[in-house]
1. What pairs come out if I take residues in region 66-77 that are surrounded by 10 or more Cβ atoms within 10 Å (Cβ to Cβ) and pair them with residues that are part of a helix (DSSP H, G or I) and aromatic (Phe, Trp, Tyr) whose C-beta lies under 7 Å away, six or more apart or interchain?
2. Going by the conditions given, is LYS57 over 30 Å from SER30 (Cα atoms), surrounded by 10 or more Cβ atoms within 10 Å (Cβ to Cβ), over 23 Å from the mean Cα position of the chain (by Cα) and free of Cβ contacts under 8 Å to residues at least 60 places away in the same chain?
Amino acid sequence: MGEIFAIFGVDWKVLFVNIFNFGVLVIALSYLLYGPVIKLIDERRRKIEKGLRDAQKAKEELESIKASEKKILAKAQAEAQEKLLNAEELAKKEREEILQEAQSKALTTIASAKRQAEEEKKAIMQEAKDEIAKEAVLAAKKILASS
């Protein structure tokens, strides 16, 4: 084997020093470069995973808030609809009460007007009877006076 190394011109001392230097370089690079780079990559990976978890949590909270918002809007809409129906019913009742009151007043006014008209008619009829009686008496006096 030594002959093979001699043919290729490999010196054992130089080879051993090169292997030793390569080992020292590997150890130094792994300690000074590889370790911190791996640590930096792991830290970056953890930050990304945390960001993804936070984003997922925020998405779930947003969906929950949207669902809650829809429920609140539906409830408010139902309450508004109920209040509108109640207001409409109240308006109908008040309208009916006003109409009934107006009809009652109208009937009272009509009845009062009829009574007043009857009384005036009776008074006019009485006046007419009295006038006719006076005229009849005067006519009878004239007839008696002329005969």
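Every number in this text was worked out from the coordinates using simple rules, so none of it is lab data. The model shown is predicted, which means the values in this text are computed figures rather than measured ones. Here the Cβ is made from the backbone with ideal geometry for all residues, glycine too, and neighbour counts use every protein chain on show.
1. none
2. yes
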